[in-house]
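**Student:** Dropping a structure here in structure tokens format, bear with me for questions.
Values quoted throughout were computed directly from the atomic coordinates according to the rules given, and no laboratory measurement underlies them. Since the model is a prediction, treat every value here as computed from it, not as a measurement. Neighbour counts run over all protein chains shown; Cβ positions are idealised from the backbone, glycine included.
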Amino acid sequence: MAAIDSLFCQLVEANPQLRVRVGNPDEMRSNRLNRTLDRLKHRVTDPEPEVAEALDGAVITALNEEAVVSAALANKQGLNLVASYEAFAVKMLGAMRQEILFARHQREAGSEPGWLSVPVLASSHTWENGKNEQSHQDPTLCEAWLGEMDDVAPTLFPVDAPSACQALLSLYRSRGRVGVMVVPKNALPVVLDAAQAQALADDGILCLTASGQAAVQLFAVGAYQLVEMQKALQRLQRANVAASLFVIQEPGKLRLARDEREAEVTLSQCRLSALVPSVGPRVFLSHCRPEALIGVLRALDSGEQSRFLGYRNRGGTLDTFGMLFANRATWAHVLEAVSEVAGVDLDSLLDEAEQQALCGEGDPNLLRRHA
């Protein structure tokens with residue numbers, strides 16, 4: 001999120017002719033948009049001294065998600081950004097959906113929308129918001145947005161700073177779209193270089209680790225999910241199990257297009273086959289509920305040889321690892337799924353104590369201390 005904060009400030013500076021609107025329901029600093037707030041300031045009627053407030057502030061703040069997203073969507077000739085806690089961003093859904101429906105109707109009538117696409121950042125999200133219990137652990141917005149048409153409503157899961165920045169730039173280069181970007185607020189390792197981030201933005205999927213004779217393919221949808229998949233891959237390599245690791249940033253690009261207009265932005269089956277070699281055993285680990293993803297990734301679903309892991313409606317006052325463990329979404333659960341679909345002996349991947357932790361009879365912290 002800090003990388004997006006820096007990039008957005010650069011875009012504001014480079015485009016002084018554009019009126020800026022930032023929709024902010026609550027706690028902008030908690031979402032790590034500090035530079036943006038300091039530069040643009042909350043719009044208020046009575047600014048306090050030494051506080052990021054101004055009569056002409058460009059940050060529209062109100063404890064009303066629909067109001068602040070509407071302030072950004074109404075700024076048709078400007079540069080817009082919306083950032084919200086993921087769990088409450090779903091309140092923006094109605095206004096967002098009306099905007100993309102109208103934009104699509106415009107195109108169908110032969111009138112291209114001219115407004116810069118609007119990113120809606122869902123942060124302080126399900127996997128990193130443990131202090132406030134399950135009320136703050138809800139991926140509903142990205143799941144609902146995955147159901148909309150990808151030509152006007154992309155749903156993006158960047159995995160590091162380069163991919164997040166490239167995804168943001170790609171959105172701003174387009175017109176008449178509202179994109180949901182699920183972005184971690186906490187610092188995570190940089191995984192991709194600039195060329196990889198561009199390729200991921202272009203295709204929606206990227207192979208990070210290839211194996212010509214892969215016994216299983218791993219697919220990560222989300223930043224924390226990639227971290228777990230990388231840990232699982234290390235264990236598979238130690239056990240001499242050939243595996244390939246893929247990042248999926250934009251699941252909608254991989255779907256079977258539902259009409260000709262959506263087909264213009266989705267990958268052809270020929271292109272998808274070139275990017276993802278045909279391998280039966282596949283394990284998917286997603287930021288959202290896996291049921292919402294299965295239909296979107298139907299083209300990659302190999303049936304009984306596929307497993308989809310993700311959010312299982314488990315939560316509480318838990319840290320990131322606790323959330324992953326409660327939802328059976330850690331690296332160890334990935335390996336359990338690999339053993340099921342690829343016929344790999346679980347004993348070769350996890351020791352006895354780790355297996356006991358996996359089934360709830362041992363210390364879960366053994367899985368926290370991955371080696």
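**Student:** Report, in debye and to the nearest 20, how large the dipole of the range 2-182 comes out about its Cα centre when Lys and Arg carry +1 and Asp and Glu carry -1 on their Cβ.
**Tutor:** 560 debye
**Student:** A follow-up question, please. Need the C-alpha centroid separation for the range 136-160 versus the range 1-74, integer Å.
**Tutor:** If you average the Cα positions of each part, the centres end up 22 Å apart.
**Student:** With point charges of +1 on the Cβ of Lys and Arg and -1 on the Cβ of Asp and Glu, referenced to the Cα centre of the range 6-143, which listed residue (LEU81, GLY94, SER117) lies farthest in the positive direction of the dipole?
**Tutor:** Highest projection toward the positive end goes to SER117.
**Student:** Rounded to the nearest whole Å³, what is the per residue volume of the convex hull around the Cα atoms of the range 180-230?
**Tutor:** 103 Å³
**Student:** Further, regarding this structure: In straight Cα distance, which lysines are under 28 Å from LYS253, not counting same-chain residues fewer than 8 positions off?
**Tutor:** Of all the lysines, those that pass the test against LYS253 - Cα under 28 Å, at least 8 places apart if same chain - are LYS76, LYS91, LYS185, LYS231.
**Student:** Residue by residue, what Karplus-based ³J(HN,Hα) values in Hz, rounded to whole numbers, does the range 347-352 have, using 6.51, -1.76 and 1.60 with θ = phi - 60° and x for Gly and Pro?
**Tutor:** Couplings: 4, 7, 10, 9, 7, 4 Hz.
**Student:** If the chain between GLU361 and GLN10 were fully stretched, how many nm would it gain, using 0.36 nm times the residue separation less the Cα-Cα distance?
**Tutor:** This chain segment gains 121.2 nm when fully extended.
**Student:** At a 10 angstrom cut-off on C-beta neighbours, averaged per residue, how do the peptides 100-113, 11-24 rank from highest to lowest?
**Tutor:** Per-residue Cβ counts within 10 Å, averaged per peptide and sorted highest first, yield 11-24, 100-113.
**Student:** Please list 166-172, 290-296 highest first by mean number of surrounding beta-carbon atoms within 10 Å per residue.
**Tutor:** Per-residue Cβ counts within 10 Å, averaged per peptide and sorted highest first, yield 166-172, 290-296.
**Student:** Please compute the Cα-Cα pair-distance distribution of the range 2-182 with 10 Å bins starting at 0, giving whole percents from short to long.
**Tutor:** Binned Cα distances yield the sequence 10, 39, 37, 12, 1, 0.
**Student:** How far is it, in nm, from the label point at GLU108 to the one at ASN313 when both lie 7 Å from their Cα along the line to the Cβ?
**Tutor:** Label-label distance for GLU108 and ASN313, simple model: 3.4 nm.
**Student:** Tell me whether the range 125-206 comes out rounded, prolate or oblate; compute the Cα gyration tensor, take square roots of the eigenvalues as a ≥ b ≥ c, and use a/c under 1.5 as the rounded threshold.
**Tutor:** Since a/c reaches 1.5 but b/c is at least a/b, the shape of the range 125-206 is classed as oblate.
**Student:** Could you pull out every one of the aspartates and glutamates with an alpha carbon less than 13 Å from that of LYS131, ignoring same-chain neighbours closer than 8 positions?
**Tutor:** Here the aspartates and glutamates satisfying the reach criterion relative to LYS131 are ASP319.
**Student:** Quick check on the range 197-368: of the DSSP beta bridges with both residues there, what percent are antiparallel, nearest 5%?
**Tutor:** For the range 197-368, the DSSP antiparallel bridge percentage is about 20.
**Student:** Of the beta bridges DSSP finds with both residues in the range 2-182, what % are antiparallel, to the nearest 5?
**Tutor:** Bridges in the range 2-182 that DSSP calls antiparallel: roughly 5 percent.
**Student:** Another one. Would you mind listing how long the range 298-359 runs along its three principal axes, going by Cα atoms, in whole Å with the largest first?
**Tutor:** 35, 33, 13
**Student:** Right, another one. Going by a ≥ b ≥ c, the root eigenvalues of the Cα gyration tensor, does the range 163-269 fall in the rounded group (a/c under 1.5), the prolate group (a/b larger than b/c) or the oblate group?
**Tutor:** Oblate, since a/c reaches 1.5 and b/c is not below a/b.
**Student:** Note the listed values [x] 25.3, 81; [y] 19.1, 75; [z] 20.9, 67, then indicate which one is Rg and Dmax of the Cα atoms in Å calculated from this particular structure.
**Tutor:** The value computed from this structure is option [z].
**Student:** Please report the antiparallel percentage of the DSSP beta bridges confined to the chain, to the nearest 5.
**Tutor:** 10 percent
**Student:** Compute the Cα gyration tensor for the range 72-123, then decide on rounded, prolate or oblate, letting a ≥ b ≥ c be the square roots of its eigenvalues: rounded whenever a/c is under 1.5, prolate when a/b is larger than b/c in the other cases, and oblate in all that remain.
**Tutor:** Here the range 72-123 falls in the oblate category.
**Student:** May I pose another question? Put +1 on the Cβ of each Lys and Arg and -1 on the Cβ of each Asp and Glu in the range 2-182; which of VAL12, THR36, PRO158 then has its Cα farthest toward the positive end of the dipole?
**Tutor:** VAL12
**Student:** Suppose the Debye formula is applied to equal point scatterers at every Cα of the range 197-368; what is log10 I(q)/I(0) at q = 0.16 Å⁻¹?
**Tutor:** Taken in order of the listed q values, log10 I(q)/I(0) reads -0.92.
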